[in-house]
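Here's the structure, in structure tokens; my notes come after.
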Amino acid sequence: HSLTGQVAIITGAGKGLGRAYALELATLGAAVIVNNRTSNDPPGQSSADNTVAAIEQAGGKALADYSSVEAPDAGQKLVQLALDNYGRLDIVLSNAGVDQPTSFHKQPLEDFKHNMEINFHSVVRLLHAAWPHLRENGYGRVLVSTSTAGLYGNHGQSAYSSSKAA
């Protein structure tokens, strides 16, 4: 199945499953917006940059974005980056996530809220920004990474489980 000419946004695409998704979609021909926040990495050495380099070395197209998905305007910026550079948007794969494992009774409410912000609210904002473009085209694919922890729970992961279930 070819994705040639299509454009994908993937959050959390610098490492782990997000990186694997980015590499696979690029292999299938999609241009990929590789989103992964930086942690004061030197320019050109972030996980997003490394994923883009791997895609380009294989002959694919990709751009790095270093936005933290919890920023209120991150979703809109990602959509605009795709439109400005590739003129379209076909696929949104919301994969970024965070876990701060601790027992519920020991977890500060702020940590619980932080998990919800990244694992749930950022997904809603990104999809809300992308939706008008996908509707206008009458086509699009949306995938949201979740976890079995959202279905069954996990000891020490009440915030993560709740946010992934949402």
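Of all the criteria given as (1) open to solvent by 70 Å² or more (accessible area, probe 1.4 Å); (2) at positive phi; (3) among the small types (Gly, Ala, Ser), the one not satisfied by Ala58 is (2). Please tell me if Lys15 is over 22 Å from Ala129 (Cβ atoms) and of a type in the set (D, E, K, R). So Lys15 passes the test. Do we find a residue being surrounded by 15 or more Cβ atoms within 10 Å (Cβ to Cβ) and of a type in the set (Val, Ile, Thr) anywhere in segment 61-79? Scanning segment 61-79 turns up at least one residue that is surrounded by 15 or more Cβ atoms within 10 Å (Cβ to Cβ) and of a type in the set (Val, Ile, Thr). All of (1) without any contact (Cβ under 8 Å) to a residue 24 or more places away in the chain; (2) of a type in the set (Gly, Ala, Ser); (3) assigned to a loop (DSSP other than H, G, I, E, B) hold for Ala20 with one exception: (3).
On the stretch given as segment 87-116, residues that are open to solvent by 30 Å² or more (accessible area, probe 1.4 Å), closer than 19 Å to Val32 by Cβ and in contact with a Gly (Cβ under 9 Å, 6 or more places away or on another chain) total 2. The residue of segment 147-161 that is surrounded by the fewest Cβ atoms within 10 Å (Cβ to Cβ), among those that are under 11 Å from Gln107 (Cβ atoms) and small (Gly, Ala, Ser), is Gly156. The single condition from (1) hydrophobic (A, V, I, L, M, F, W, C); (2) assigned to a strand (DSSP E or B); (3) over 19 Å from Gly12 (Cβ atoms) that Val142 fails is (3). When segment 6-16 is filtered for residues that are open to solvent by 10 Å² or more (accessible area, probe 1.4 Å) and closer than 22 Å to Leu127 by Cβ, the ones remaining, listed by number, are Gln6, Gly12, Gly16. A single entry from Ser2, Ser68 fulfils the requirement of being in a loop (DSSP other than H, G, I, E, B), hydroxyl-bearing (Ser, Thr, Tyr) and farther than 23 Å from Asn119 by Cβ: Ser2.
The values are calculated or read from the model by the stated rules, or taken from the named source; none is laboratory data. In this text the structure is predicted, and so the values were computed from the model without any measurement. Cβ: placed from backbone, ideal geometry, glycine included. Neighbour counts: every protein chain shown. Accessible surface is based on the protein model in full, side chains and every heavy atom, while ligands, DNA and RNA are left aside. Shrake-Rupley method; radii C 1.70, N 1.55, O 1.52, S 1.80 Å.
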